[in-house]
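Undergrad: This is the structure, below, for whatever I ask next.
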Amino acid sequence: MTTADSFLIAFRTVRSNRLRTGITVTIIAFGIMALIGIITAIGAMNQYLKETFSFMGANGYSLRFKDSKVRFGGPSTATLGKVGQREKKSNLDKPISKEEAELFKSKFTYPATVSISIRTTNNSLECTYGDKKTNPTCLLLGGNENYLNVSGYKLAVGRNFSSLDVSSGRNVCLLGSNVATKLFGDNPERCIDKVIRVGSLQYRVIGLLKPKGTSSFLRQDDAVITTYLNVKRLPIASPSFNIGVMVNNIAEMDAAIGETTSLFRSIRRLEPTEQDNFVIEKSDKFAEIFIGLLGGITGSAAVIGLITLASAAIGLMNIMLVAVSERTKEVGLIKAIGGKRVDVRRQFLFESLIISLLGAFFGIILGILVGNLFSLVLGTGFILPWGWVITGIIICTAVGLGAGIYPAMKASKLNPIVALRYE
């Protein structure tokens, strides 16, 4: 009996026992679907996080006087970069002054674009125009003429800040898309040259920003951007300026960061033995931190899938043992006409592998479809985790071999005379 004959007999047997095969295939498929589905969903979430939090692009970084922080729902604040740990006391307590930021911009000769910005301590301002008002969720930010480019904002209509706007600090602003929509309805372009009120201050709108995307941590479309000198005069201005740098080529990032560190240390007048009292953060730091938090979910998905597959392996072995008992006469007949032990073993192993790989096939398809529902919801591209697909096939192959080898050995050891007389 050839290998092809053994495979054809095994395939016909699997096809003839549809109910038994269907139940086993379904159990295996659910295990693979749980594994591939969760991994695919996590891939979509990773892509979404990268697109959402890498707001300066892959070739940008920022210079701050201390690490950015994010609140994870509790009273304590965790430092991004050391999740789950309290921020250690260090010399990161000296804010970046306007003079230091401007001196850095004037002396930084590396081929890159430099922006200066400052935030306000009140991130819940209310904007009004006529009888229209927003919820108290608006952010007032200050920047220079390079701030839009470095931060990834784009103008929909209107103009950017001029050098006169920046140097004079006059009350002009650029509106985020959410703010403009709430104040001007379905025609946000009408905001140009209108005077709005941000908190208690009046600003003339000179530009409308394109939508950029909003998350729970970065309400980028709720921003009202004015010049940094304007914000600096306000009592709610942050004590420290931020510096953004965008290099022309991502391959130049490390060299630019080294140049930035050296220059800013000299501006801060730090001795060679002193530690840096500022922090350089790459633009994708937020994405990397939150993606790291999803690592535990990936491990949980693997555990769930493996537990389900272990149960499926036990069920498949029991089914194959039942098949050996039901087809004892068939085994005896195969041996009586010249079949060898290896032929019997091969036939039962093929049956086990066919059932297991059918489960892998349907489970992978369902897992990819279910996981990509997150892609549709989040608006990311189609995700196909090839590595985990191959892993799933390998695992199911191992399950099929492991579950089928004992029944196959048992069937191959049957005495043909005893097997033919079996009732």
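The values are calculated or read from the model by the stated rules, or taken from the named source; none is laboratory data. What you see is a predicted model; the values in this text were computed from it and never measured. Quick reminder, even Gly has a Cβ in these numbers, built from the backbone with ideal geometry, and neighbours come from all protein chains shown.
Undergrad: Only one residue in L357, L369, L316 is farther than 17 Å from P385 by Cβ and modelled with pLDDT of 85 or more. Which one?
TA: L357
Undergrad: Could you give me the residue pairs with C-beta distances under 7 Å whose first residue belongs to the stretch 167-180 and is on the phi > 0 side of the Ramachandran plot, whose second residue is assigned to a strand (DSSP E or B) wherever it lies, and which are 6+ apart or on separate chains?
TA: Hits for this filter: G169/T227.
Undergrad: Determine if the stretch 163-180 includes at least one residue that is among the hydroxyl-bearing types (S, T, Y) and under 23 Å from V245 (Cβ atoms).
TA: Yes, that holds for at least one residue.
Undergrad: Filter the stretch 227-259 down to residues that are buried (at least 22 other Cβ atoms within 10 Å of the Cβ), assigned to a helix (DSSP H, G or I) and of a type in the set (V, I, T), then give me how many there are.
TA: Residues that pass the stated criteria total 1.
Undergrad: Give just the number: which of (1) under 24 Å from Y406 (Cβ atoms); (2) touching a residue at least 12 places away in the same chain (Cβ under 8 Å) does G367 not satisfy?
TA: (1)
Undergrad: Within the stretch 388-410, take every residue that is more than 13 Å from L309 (Cβ to Cβ) and not hydrophobic (A, V, I, L, M, F, W, C) and give me the one that is surrounded by the most Cβ atoms within 10 Å (Cβ to Cβ).
TA: Looking at the filtered set, the residue picked out is G404.
Undergrad: Hey, can you tell me all the residues within the stretch 247-281 that are in contact with a Phe, Trp or Tyr (Cβ under 9 Å, 6 or more places away or on another chain), under 15 Å from T113 (Cα atoms) and at pLDDT below 90?
TA: Of everything in the stretch 247-281, those that are in contact with a Phe, Trp or Tyr (Cβ under 9 Å, 6 or more places away or on another chain), under 15 Å from T113 (Cα atoms) and at pLDDT below 90 turn out to be V247, E252, M253.
Undergrad: Here's a follow-up. Test of understanding: among V198, V205, which residue is farther than 28 Å from L63 by Cα and touching a residue at least 12 places away in the same chain (Cβ under 8 Å)?
TA: V205
Undergrad: Let me ask something else about it. Need the failing condition index for G37 against (1) surrounded by fewer than 21 Cβ atoms within 10 Å (Cβ to Cβ); (2) at pLDDT 80 or above, just the number.
TA: (1)
Undergrad: Separate question: Residue check: is V179 of a type outside the set (S, T, Y), touching a Ser or Thr at 6+ places or on another chain (Cβ under 8 Å), at pLDDT 90 or above and under 18 Å from L148 (Cα atoms)? Let's see the steps before the verdict.
TA: Numbers: of a type outside the set (S, T, Y): yes; touching a Ser or Thr at 6+ places or on another chain (Cβ under 8 Å): yes; at pLDDT 90 or above: yes; under 18 Å from L148 (Cα atoms): yes.
The answer is yes for V179.
Undergrad: All but one of (1) closer than 23 Å to R15 by Cβ; (2) touching a Gly at 6+ places or on another chain (Cβ under 9 Å); (3) polar (S, T, N, Q) hold for S375, so report the exception by its number.
TA: (1)
Quick grid of which residues meet (1) touching a strand residue (DSSP E or B) at 6+ places or on another chain (Cβ under 8 Å); (2) more than 16 Å from L125 (Cα to Cα):
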position	(1), (2)
G158	yes, yes
A180	yes, no
P188	yes, yes
I192	yes, yes
S200	no, no
G207	yes, yes
D222	yes, no
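Undergrad: Separate question: Which condition breaks for G381 when tested against (1) within 35 Å of the chain's Cα centre (by Cα); (2) in a helix (DSSP H, G or I)?
TA: That leaves (2) as the condition not met.
Undergrad: Does N144 satisfy the criteria of being touching a helix residue (DSSP H, G or I) at 6+ places or on another chain (Cβ under 8 Å), in the same structural domain as A101 (by TED's automatic domain parsing) and either at pLDDT below 95 or buried (at least 16 other Cβ atoms within 10 Å of the Cβ) (or both)? Full working, then the answer.
TA: Details: touching a helix residue (DSSP H, G or I) at 6+ places or on another chain (Cβ under 8 Å): yes; in the same structural domain as A101 (by TED's automatic domain parsing): yes; either at pLDDT below 95 or buried (at least 16 other Cβ atoms within 10 Å of the Cβ) (or both): yes.
Answer is yes for this residue.
Undergrad: Right, something else. Would you point out the residue of the stretch 335-354, among those that are more than 30 Å from I36 (Cβ to Cβ) and either touching a Pro at 6+ places or on another chain (Cβ under 8 Å) or charged (D, E, K, R) (or both), that is modelled with the lowest pLDDT?
TA: So the residue we want is K335.
Undergrad: Of (1) surrounded by 18 or more Cβ atoms within 10 Å (Cβ to Cβ); (2) modelled with pLDDT under 65, G81 satisfies all except one. Which?
TA: Failing condition for G81: (1).
Conditions (1) assigned by TED's automatic domain parsing to the domain that holds I42; (2) closer than 19 Å to T26 by Cβ; (3) over 26 Å from the mean Cα position of the chain (by Cα), marked per residue:
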site: A336; (1), (2), (3): yes, no, yes
site: R341; (1), (2), (3): yes, no, yes
site: V344; (1), (2), (3): yes, no, yes
site: S356; (1), (2), (3): yes, yes, yes
site: I364; (1), (2), (3): yes, yes, no
site: V377; (1), (2), (3): yes, no, no
